[in-house]
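Encoded as structure tokens, the structure appears first; notes follow it.
The values are calculated or read from the model by the stated rules, or taken from the named source; none is laboratory data. On a predicted model such as this, the values are computed, not experimentally measured, just so you know. Positions of Cβ are backbone-derived with ideal geometry, glycine not excepted, and every protein chain shown enters the neighbour counts.
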Amino acid sequence: MVKEKLINLFAEKIAKMEGFYNPSTISFRNNNPGNLRSWGTVPIFDGYARFSTPEGGWIALREQIRKNVFVRKLTFYEFFAGKKGVYAGYAPTDDGNLPAVYASYVAKAFEVPKETVIADLVDKV
């Protein structure tokens, strides 16, 4: 799998989990498919970043995924639950989330276990 395809599929799965396609959700109202809590100077509404356009939200989500996958080299589970000393987690239990469920949902789209290092799914060309 090529990097961009991996990032796009990952982002799509997160957007579905966050309810982005439902107009009644914070994610939809904030143009924030990933429900990112903050992003640079983007204003915060209802506890999450509110992007001026959906495209801005998609760009930020893809950048967050890129960093966690290719810089931090996280597994699916670590991506969502966190990795001590590296990353607090995209959907940690401290925030009322179920990171194992989230990780399993996204990993299933790639047909791998949630313990898989995500970057390892990129074709070695």
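Numbers for the structure displayed
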| read-out | value |
| --- | --- |
| Members of the range 83-96 that are within 21 Å of residue 33 (Cβ to Cβ) and not charged (D, E, K, R) | 87, 88, 89, 90, 91, 92, 96 |
| In the range 81-125, residue surrounded by the fewest Cβ atoms within 10 Å (Cβ to Cβ) [restricted to those that are touching a residue at least 60 places away in the same chain (Cβ under 8 Å) and in a helix (DSSP H, G or I)] | 109 |
| Some residue of the range 47-69 being touching a strand residue (DSSP E or B) at 6+ places or on another chain (Cβ under 6 Å) and either buried (at least 21 other Cβ atoms within 10 Å of the Cβ) or at pLDDT 95 or above (or both) | no |
| One residue from 44, 7 being β-branched (Val, Ile, Thr) and buried (at least 17 other Cβ atoms within 10 Å of the Cβ) | 7 |
| Output for the range 1-48, where each listed residue is assigned to a loop (DSSP other than H, G, I, E, B) and either touching a residue at least 40 places away in the same chain (Cβ under 8 Å) or within 15 Å of residue 90 (Cα to Cα) (or both) | 1, 2, 18, 32, 33, 34, 35, 36, 37, 38, 39, 47 |
